Amino acid sequence: MSASPAIFSGNPLENPLTIPGPRPVTIPTLETKRLWLKPPAPQDYPNFKATFASYRSRFMGGPLNPYESWMLYAAEIGHWQIRGFGMWMVHLKDTGETVGMAGGWAPAGWPEREIAWIIWPEKAGRGYALEATDAARRHFYHDQGWDGAVSYLDPHDLSSIRLAERLGCTKDREAPSIGNDEAAVYRHPGLETLRTTQLGDGIALEIEHHINPIFKPKGGTVD
């Protein structure tokens, strides 16, 4: 006698039985002007571990001990196989080094699919998060058919909130949150908004400014 098929009801993001797409999932590589977004690989782990052991990770559940960092990195890789999407490692084209991560995230219990990012402490302030997150969002919208997403941000994480606003996100006070409802929910604009407004052009212009600043300082450094 064959066993009856398992049945799951409830939030589809909590469904351990649904594996979107073929198994195993082939993780795509995305390209921008300065960056490659590549699948997380074992050789990238030291930078990940160092960042999540640092104060910079305080808004993402850290700092973590070595065991916790290893478990989270394993989850980053496994997330792709379970969900069919996940986080990419962000590499500089000219050197190949990693500068952070960006992509999708939706562990069990998340009310909605999230777009998330983190940049290594010494690489912050150069527009990499904006460039990588914009590319990841466009992939999810164009290639995976997403109709929207959110970002769950600590209310004290002002740099991430500013970045979310530059990506066109608006605070959704009515949406369910995570972490005992402590995180603020920032809702990303949909594909149609990116197509029909100047938002996409504004993001592209800001990225271009990081690549080739319009106003280059002359003389010595001014503090």
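The values are calculated or read from the model by the stated rules, or taken from the named source; none is laboratory data. Predicted, not measured: the structure shown is a model, and the values here were computed from it. Please note: Cβ atoms are built from the backbone with ideal geometry, for glycine as well, and neighbour counts cover all protein chains shown. Just so you know, the surface numbers come from the protein's heavy atoms only, side chains and all, with ligands and any DNA or RNA stripped out. Shrake-Rupley method; radii C 1.70, N 1.55, O 1.52, S 1.80 Å.
Among the listed pairs Lys38/Lys123; Lys49/Lys123; Lys38/Lys171, those with a Cα-Cα distance over 25 Å are Lys38/Lys171.
DSSP loop (so not H, G, I, E, B), at most 15 other Cβ within 10 Å: list which trypsin sites (Lys or Arg not before Pro) in region 101-132 pass both filters. Show your work: numbers first, answer last.
Working: sites: Arg113, Lys123, Arg126; in loops: Arg113, Arg126.
Sparse-neighbourhood loop trypsin sites (Lys or Arg not before Pro): Arg126.
Close amide-amide hydrogen proximity is noted between Gly100 and Val90, Trp120, each under 5 Å apart and 5 or more residues distant or on a separate chain (H modeled in the peptide plane; Pro and chain starts excluded). Loop-only check: which GluC sites (Glu not before Pro) in region 119-223 are DSSP coil with at most 15 other Cβ within 10 angstrom? Qualifying residues, ordered by number: Glu174, Glu182. Using a probe of 1.4 Å, the accessible surface attributed to Leu199 totals some 40 Å² when neighbouring protein chains are kept in position. With coordinates expressed along the principal axes, the C-alpha atoms belonging to region 111-223 extend over 51, 32, 21 Å, beginning with the largest.
Normalised radius of gyration (Cα atoms, divided by 2.2 N^0.38 Å) for region 40-107: 1.09.
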